[in-house]
Amino acid sequence: MKRILWILLGIAFLAGAYGVYLYNKPHAKMEKARVDEQVEAQALYAAFETDEAAANTRFLGKVVAVTGQVSEVTPTDDGGLKVTLSAGDFGVSCELDPLTQHARTSFTAGETVTFKGNCTGYNLSVQLARCVELK
Amino acid sequence: MNRYLLFLFALLLGGPAFSQKFFTQDAKVKFLSETPIEKIDATNNSGTIVLDPAAGRVECKVLIKNFLFEKALMQEHFNENYMESTTYPNATFKGNVTNPGEVSFTKDGTYTAKLSGTMSMHGVEKPADIVGKITVKNGVISVHSDFAVAPADYNIPIPSVVTDKIAKSVKVTVDGTLKPMNK
């Protein structure tokens, strides 16, 4: 009887510890995330502009590697950075991952870069969050 | 005759500037759910605001998956269980300024703008009235607004085990600096 009680207590402790681990689980590291889709900025923008619902089905919530020419670099209020890649009227907006130590945070208009990040959808521009640069 | 010419001249000069739209794709949208048990907040740096001063029209949109939480589990639950962001990827507000006489988009100053329109999220559309502060300085228009959203109003399911952890009314803050829209 005493043994069963100890086993139950052990199970309750492990369950509690797992719950605490899950609650405090850090965000997955973007630099190690597997790329689901690889695409040029122009093609990604065209996909959303042509058929947003179909593009959402293909890209939304996926890790997308996008290559394009830098058109604009905008600092965010909280010290972050958004890099817009040329495509259509509003481009593909890549917000650098605030949880990653980036090799560089300086980008020049006109240079060609590849970012991977979570595709969060179409809001004038196509938006990618938590981006890291791919070399 | 001179009066008509003057009117035509003013129309030609003032027309293009007056119909100029302003926008941002970098509006900061934050929300805060606060209960005695838990505080949950998240930030989205990519809200879009489009303002048409001539029509007194404002349209805002945020992508739900762009909200970043401190805790990964909260972000996962927010997207998958509550907002169902794969099915409903965005939230919008479209409305009109109801006190246009009290707001000038061309003269420096700080104005209180009252907006009346429709808020849409989680597949539900509801009428919404929002008050915002508009600051015009040297041709730059900044907007700020605080308002509250009740998850129940938008059929956002909150499981009974966490009802005490999620506020009945969630505070939302929007801040943005608009630039002329030339596209």
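The values are calculated or read from the model by the stated rules, or taken from the named source; none is laboratory data. These numbers come from a predicted model, not from an experiment. Positions of Cβ are backbone-derived with ideal geometry, glycine not excepted, and every protein chain shown enters the neighbour counts. The area values use the complete protein model at the heavy-atom level, side chains included, leaving out ligands, DNA and RNA. Shrake-Rupley method; radii C 1.70, N 1.55, O 1.52, S 1.80 Å.
In this structure, does B:THR112 turn out to be open to solvent by 50 Å² or more (accessible area, probe 1.4 Å) and more than 30 Å from A:ALA55 (Cα to Cα)? Here the answer is yes, as B:THR112 does meet what is asked.
Note on the stretch B:70-101: residues that are away from chain A (no Cβ under 11 Å) and out of contact with any strand residue (DSSP E or B) (no Cβ under 9 Å at 6 or more places or on another chain) amount to 4.
Within the bounds of the stretch B:52-69, is there any residue that is within 14 Å of chain A (Cβ to nearest Cβ), part of a loop (DSSP other than H, G, I, E, B), modelled with pLDDT under 95 and open to solvent by less than 50 Å² (accessible area, probe 1.4 Å)? Before you say what the answer is, go through the steps one by one.
The first filter runs over the stretch B:52-69 and keeps only residues within 14 Å of chain A (Cβ to nearest Cβ), leaving B:59-69.
Subsequent filtering for residues that are part of a loop (DSSP other than H, G, I, E, B) retains B:67.
Restricting the remaining residues to those that are modelled with pLDDT under 95 gives none.
Checked the stretch B:52-69: no residue is within 14 Å of chain A (Cβ to nearest Cβ), part of a loop (DSSP other than H, G, I, E, B), modelled with pLDDT under 95 and open to solvent by less than 50 Å² (accessible area, probe 1.4 Å).
So, in the stretch A:91-135, of the ones that are crowded, with 20+ Cβ neighbours inside 10 Å and among the aromatic types (Phe, Trp, Tyr), which residue ends up nearest to the other protein chains (Cβ to nearest Cβ)? The qualifying residue nearest to the other protein chains (Cβ to nearest Cβ) is A:TYR122. Restricting B:ASP146, B:ASP153 to residues that are more than 14 Å from chain A (Cβ to nearest Cβ), assigned to a strand (DSSP E or B), surrounded by 13 or more Cβ atoms within 10 Å (Cβ to Cβ) and among the charged types (D, E, K, R) narrows the list to B:ASP146.
Please work out which residue is farthest from A:THR112 (Cα to Cα), limiting yourself to the stretch A:26-75 and to residues that are open to solvent by 50 Å² or more (accessible area, probe 1.4 Å), touching a residue at least 12 places away in the same chain (Cβ under 8 Å) and part of a strand (DSSP E or B). The selected residue is A:GLN38. Restricted to the stretch B:169-183, and to residues there that are open to solvent by 80 Å² or more (accessible area, probe 1.4 Å) and outside any strand (DSSP E or B), the residue that is farthest from the other protein chains (Cβ to nearest Cβ) is B:ASN182.
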